[in-house]
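Below: one structure, written as structure tokens.
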Amino acid sequence: MSYAYLFKYIIIGDTGVGKSCLLLQFTDKRFQPVHDLTIGVEFGARMITIDNKPIKLQIWDTAGQESFRSITRSYYRGAAGALLVYDITRRETFNHLASWLEDARQHANANMTIMLIGNKCDLAHRRAVSTEEGEQFAKEHGLIFMEASAKTAQNVEEAFISTAATIYKKIQDGVFDVSNESYGIKVGYGGIPGPSGGRDGSVTQGGGCCS
Amino acid sequence: MQEAELHDLSDDPDYVASQQQGSGGSENQKCTRKSNGPTEPNGSEVVYSKDNVAIHPTQYASERISGRLQLIKRDLSLFMTWIPYKQSASYGVGQGSRVKLPEKDRNLYTIRAVPLTDVRSIRRHTPTLGWQYIIMVLTSGLAFPPLYFYNGGVREFLATLKQHVFLVRSADDANVFLVNDLQDPLQRSLSSLELPRAVPVANVASSSSSLASVHSDDNSNQRSNADYHDSSFSPTESVGRHRQKVRDPARDLSIQVLEKFSLVTKFARETTSHLLRESQIFDNIGGYEKQQQVHSSPVKNQVGGDPVSQELQDKNQIISDPLEKIACRNGKLCEAAATLVGTFELIDSKEAEQQSLVWGKPRLPPLGHEEWATFLDEEGRIVDSKALRKRIFYGGVEHGLRKEVWKFLLGYNEFHSTYAEREFLETMKRSEYETIKHQWQSISPAQARRFAKFKERKSLIEKDVVRTDRSIPFYDGDENPNVGLLRDILLTFSFYNFDLGYCQGMSDLLSPILFVMEDESEAFWCFVSLMERLGPNFNRDQNGMHSQLLALSKLVEFLDSPLHCYLRQADCLNFFFCFRWILIQFKREFVYEKTMRLWEVLWTHYLSEHFHLYMCVAILKKHRKKIIEERMDFDTLLKFINELSCHITLEATLKDAEALCIIAGENKAACIPPGTPPSLPVEGGLLE
Ligand SMILES: Nc1nc2c(ncn2[C@@H]2O[C@H](COP(=O)(O)OP(=O)(O)OP(=O)(O)O)[C@@H](O)[C@H]2O)c(=O)[nH]1
Ligand SMILES: [Mg+2]
């Protein structure tokens, strides 16, 4: 499968905020509430199109639990984008954002594009963090912000794609040296639009296409 | 193919008679009582079962032991068992013999799942007066005492056997049947002596003394178990091959062992020493054959590619890899290990004896009820816990027995406890569990409001149990009470061990235990025992995990230096890609049933307390070629390893890990410092 660019994403945030559900909604377009909790890291991938260019997103869904952080941090290396997720019904997951951000800034590359997501916005009746607070935090820290729901799929597509669009723009603006893979971007060969949507587990199996 | 000839027993009047009477197959269906349908749940099939087959330990009729003889087929391997009847049981013992031997002496004679590949020959005796009996001689030179068929049926036995293994009448003695023999008369004789050249086109899995050609069968066997990673190099093959160069120590030892083996009867000794005498004669030819073997191309009939040249290729690629040379700061070390063959040879000759006992040993069928009973004395003590652990290491446990056996493996029940003691313990523990559980149950809402730690823990556990194995029927569906039990047990545990508390991964470890125990208190205490060992995996500072990852790195350095060199070069030496494997004992890498099988094998701590680390090495080694050739970086490797989930063949990996564990030998200690989980913490040790 060819692509113009491959972007590596990470999804981070407290346990239970819905990281895996967001990923599954984005790659498989379904919501599975009883999906196993994440140990270590899991993967997903999907093709999207930006500016008529096929772009492959390779997404790393990390475990949220605090005590795994010393290990999950090592997965940040070389990510072009990050989705930093909190749960709008659980205040503490919002309170922990600063520490997640610090972790990301320390272990990922400085030009990483970060999208802040207030998840579970379908549960408005149990809201514990207002939209304004989310916006405010994002503004202070230079993040893009969206509220989303992995359950209803609201804003899920948008969150992943607008992150990609931002990264793409940075490439156009010459922010990255795209030949340096530590930025989490790989240049594909061909650039012919490939099939979009759906999970793609063939990256490592097939090999070749991206090295 | 000359196969027809090979199988041909038409010159045997008994065989002909049995054919005319109806095939052995239909006959054995009559005898097969136990097997419910053709295949038992765990993939074993009883192909022959005969009651009232007896051993006569002494000349006294009162001491004869009756039992059931069975041939069991598992995968493509055939096993023979002879289990004596329980004394108390009212089986039709026949011949009015009143048995006086104590239970434990009776059990001495039990034949526990001997693979037919370990059988060299069978001598049939059909006296005109008295019972028919057979004597089986093993490739090791040992012989079982005569098995008397009180109800007849020797020919059916041979006919059934013939359908599953190569059985050829000896040229020298019409009553001797050679098992797994070859077409060529010279080789046939060699085979009967189990000289290193001779193991042939057997259609059964390899045994400890079989060679490369049999591995190919073995491979196809594993492949039929739906593994498609299997064709790559495995260490077992390599070492199995190199065994050709050394003498078969089992044979050298056999005479000595025979003298000590009190069960060998006069008849068996005659048969055996006859064969051993022959073996002296053929020794020279055998030696010549062996040399030929080393120089000429490897054995034919390779189904899954030729392991020798594959290994050579493998080696060449690694040596000629420029990256490798740059990568290896410690060039000498790399070179030594790149010559995997060399390393193996060295150890091979040093520890030939050990290896011959274990190498390529086919996995046994899981331990079943009848056999389990033989491990217990009248009061329920496990007399020989090591033998039990060994048995389980090689075959696991039937599901129905897990509830009982796991309690011993986990250390909740002591091997030496009696039925009565265990019953007492259970009652005590049940009330102790209730007491601890009550500690959190009695926390009032008002109290909870001022107990943040408790609330936090409770909500974390509640969030996790609903995300644990919900696709397994035992836990699926809304409001499943078993999910509630998971929660209660974990919460109770977090009070029992408040310092450790709760950490993700624990629910994965508890889930199969509760599934097996089906009892809240027992599952709790088994989990407690497991956490005695695995607790450090969940320490906040992750030191338990780090020490295991470090040990793994050292093991890989020792057992697969080319891979280690590559990983150093790729900056992957932290082995974080194995994190999930180790944290929850491969729980996410296998389907549920296989996880349980693996765990019971690990929990035997039979060859090593750290067998899980050898599992890691075995899997990595299997994919080493791909990892190096594709120049996987950390991300790619992590993704690759993650995606191996559910594509790892358990039985083959266990065999490879077993081999690696033996190769590691004394170096284990250097690689794995004391106190590394899941060892119990050392006194005043590193990890507490
Ligand atoms: N109502 C609602 N529930 C959600 C939503 N997203 C996730 N959930 C629920 O939240 C729970 C946790 O979601 P996960 O995706 O497993 O959380 P995670 O962030 O991956 O957690 P870890 O893997 O432990 O780090 C799931 O059981 C879902 O039922 C959402 O958008 N709306
Ligand atoms: Mg998750």
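Dipole magnitude of segment A:5-187 about its Cα centre, charges +1 at Lys/Arg Cβ and -1 at Asp/Glu Cβ only, in debye to the nearest 20?
It comes to approximately 340 debye.
What FRET efficiency, computed as 1/(1 + (r/R0)^6) with R0 = 41 Å and r the Cβ-Cβ distance, is obtained for A:Q32 and B:E421, rounded to the nearest 0.05? Result of the calculation: an efficiency of 0.30. Counting only other chain Cβ atoms within 10 Å of each residue's Cβ, the peptide A:68-80 averages 4. Quick note on segment B:558-688: its Rg to Rh ratio, both from C-alpha atoms and Rh being the Kirkwood radius, is 0.96. Subtracting the Cα-Cα distance of B:V591 and B:E432 from 0.36 nm times their residue separation leaves 53.9 nm of extension gain.
Phi angles of segment B:416-430 translate, via the Karplus equation with coefficients 6.51, -1.76, 1.60 and θ = phi - 60°, into HN-Hα couplings of 8, 6, 9, 3, 4, 4, 5, 5, 4, 4, 4, 4, 4, 5, 4 Hz per residue; Gly and Pro are given as x. Most tightly packed first, judged by the mean number of other beta-carbon atoms within 10 Å of their residues, the peptides B:431-443, B:595-607, B:400-412 read B:595-607, B:400-412, B:431-443. Shielding by partners for peptide B:635-643, expressed as the average number of C-beta atoms from other protein chains within 10 Å of each residue's C-beta, is 6. Evaluated at q = 0.09 Å⁻¹, the base-10 log of the normalised Debye intensity for chain A, with identical point scatterers placed on the Cα atoms, takes the values -0.32. Its Cα gyration tensor gives segment B:418-537 an equivalent ellipsoid; the semi-axes, largest first and in whole Å, are 22, 19, 14. If you take all other residues with their beta carbon under 12 Å from the beta carbon of B:L425, and give Lys and Arg +1 and Asp and Glu -1, the sum is -2.
The calculated FRET efficiency for B:E518 paired with B:K386, based on their beta-carbon distance and R0 = 30 Å, is about 0.55.
Run the numbers on chain A and let me know its relative contact order in percent, using alpha-carbon pairs under 8 Å that are six or more apart. After rounding, I find 31 percent.
For A:N95, neighbours were defined as the other residues whose beta-carbon sits under 12 Å from its Cβ, and their charges (Lys and Arg +1, Asp and Glu -1) total -2.
If you plug the beta carbon distance of B:T128 and B:H369 into 1/(1 + (r/R0)^6) with R0 = 35 Å, you get a FRET efficiency near 0.35.
Between amide H atoms placed 1.01 Å from N, distances below 5 Å from B:L78 occur with B:L116, B:T117, B:A205, all of them 5 or more places distant or on a separate chain.
Computed on the Cα trace of segment B:544-632, the radius of gyration divided by the Kirkwood hydrodynamic radius gives Rg/Rh = 0.98. Taking other residues whose beta carbon is less than 13 angstrom from the beta carbon of A:H107, and scoring Lys, Arg as +1 and Asp, Glu as -1, yields +2. Placing one equal scatterer on every Cα of segment A:1-105 and applying the Debye formula, the log10 ratio I(q)/I(0) at q = 0.15, 0.16 Å⁻¹ is -0.63, -0.71. Only the Cβ atoms of Lys and Arg (+1) and of Asp and Glu (-1) were treated as charged; on that basis the dipole of segment B:453-510 about its Cα centre amounts to roughly 260 debye. For the residues A:N180, A:N155, A:N119, a GNM of chain A with alpha-carbon springs under 10 Å puts the largest fluctuation on A:N180.
Read-outs throughout are calculated quantities, based only on the coordinates presented, and are distinct from any laboratory measurement. Note that the coordinates shown come from a computational prediction; the quantities given were computed from them, not determined experimentally. Using ideal geometry, Cβ is built from the backbone for each residue, glycine included, and neighbour counts are taken over all protein chains shown.
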